[in-house]
1. Mind grabbing the accessible area of Met196 for me, 1.4 Å probe, Å², rounded to tens?
2. Can you tell me the length gained on complete extension of the stretch Arg5 to Glu248, counting 0.36 nm per residue apart and subtracting the Cα distance?
3. Any idea what Rg and Dmax come out to for segment 128-186 if you just take the C-alpha atoms, in Å?
4. With all protein chains present and a 1.4 Å probe, how do His332, His39 order by accessible area, largest first?
5. Which shape class applies to segment 164-225: rounded if a/c is under 1.5, otherwise prolate when a/b exceeds b/c and oblate if not, where a ≥ b ≥ c are the square roots of the Cα gyration tensor eigenvalues?
6. Taking the full set of protein chains and a 1.4 angstrom probe, give the accessible area of Val21 in square angstrom, rounded to the nearest 10.
7. Only Cα pairs under 8 Å and at least 6 apart count here; give the relative contact order of the chain as a rounded whole percent.
8. Could you work out the local net charge near Tyr333, counting Lys and Arg as +1, Asp and Glu as -1, over the other residues with Cβ closer than 15 Å to its Cβ?
Amino acid sequence: MDKERISTPSYLLALGAIVAVALLLRIYQFGAVPPGLYHDEAFNGLDALSVLSGAWPLWFSANNGREPFFIYLVAAGVALFGRTVVAVRGPALVLGTLTVPAAALMGSNLFHRRIGLLTAAITAVTLWPVHLSRVGFRAVALPLFTALAIGLLWRGLRRGRLADYALGGLCYGAAFYTYLAARFTPLPLVLLALLMLWPGARLPRGRPAGLAVFAALAAAALVPLGLCMLQNPTILAGRAGQVSIWSEAISHGDPLGTLVRHTGRALLAFFWRGDRIPRHNLPWRPIFEPALGLAFVAGLYLAARRRGAGWFVLLWVAAMLLPTVLAEDSPHYLRATGIMPVVFVLPALGLDAAWDWLAERRAAAAGAGVAVLA
């Protein structure tokens, strides 16, 4: 299979199979595993009842404050299924499953269709996104919107279509209505804009008008939430101040030492020891098991060498690790949700390279088998 020329029917057939696997892993015993509701999920359900009673806020102040997008989906779930666990968690199932084809869109436009399919497959089967799709936490919405925004922006950069820039900008603006970590996303995008000015970065330049459309529509989407924040400035720093390593209660007088320790723990989470909190993860389980962990390490090297999209992926992952590095309980899989599904491009690069290596030795079928087994 020529990775650069996968036909559209073949691509859609493969993506459909991947999405079917993703749905199966997410829907089996849905609502019963994990058992019960965590208190954060219960708060979402209670706020959904307030929405159904006529309240329409842009910011829900209970439980340390929360963005509105997921709660309105929970309200729709309660209206359809009543006051049930399925109603509270159903939106996560839908959003988590939709993230799989969004990851394919993103990976295909950053690199090529085979990378897109591999990224989608890793998103489909890795425990972290599977688990997040089975619990009612608002963080599950962030990977979907960032994947759509990045995929559409990059397609706009490559093809020059204003419609891609426009849709990408709207998706990016909508991401701020999903989860607190979205506030870190301007950092990698600003760095991307700076890199585009340097020819050595080998990035697509894009159309200035298209970039303006992307920024304008993202800003327009942000206006309602921005006005809400101006009226209530505590929204900006309330929860962040409680969990920040710069707080004496968190760092115990050693913020720099805490920063170093948290950075090390966040990096080790990829292949050694992950989140210890049971509501986020099987305690201590790393993000990647050994096969994908090896592909991830290879992908880091390949992304650094490829420049262009590879550099952007590295910048995004580094920047979106900051919400967990700069807060308590690192690595914290909810606060690190912003790296998904971009981080899954890295093992996809590693698997793609192994596939190519075997294909050059007339063992393309073995390359496909390695990717599937990993």
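The values are calculated or read from the model by the stated rules, or taken from the named source; none is laboratory data. Here the structure is a predicted model, which means the values were calculated and not measured. Cβ coordinates were reconstructed from backbone atoms using ideal geometry, including for glycine residues, and neighbour counts include every protein chain displayed. Remember, those area values only see protein heavy atoms, side chains included, never the ligands or the DNA or RNA. Shrake-Rupley method; radii C 1.70, N 1.55, O 1.52, S 1.80 Å.
1. 20 Å²
2. The span from Arg5 to Glu248 would gain 81.9 nm if fully extended.
3. 12.7, 39
4. His39, His332
5. Working: a/c = 2.91, a/b = 1.57, b/c = 1.86.
Oblate, because a/c is 1.5 or more while a/b does not exceed b/c.
6. 70 Å²
7. On the way: 603 pairs, mean separation 60.5, N = 374.
Relative contact order comes out at 16 percent.
8. Counting the neighbours of Tyr333, the net charge comes to +4.
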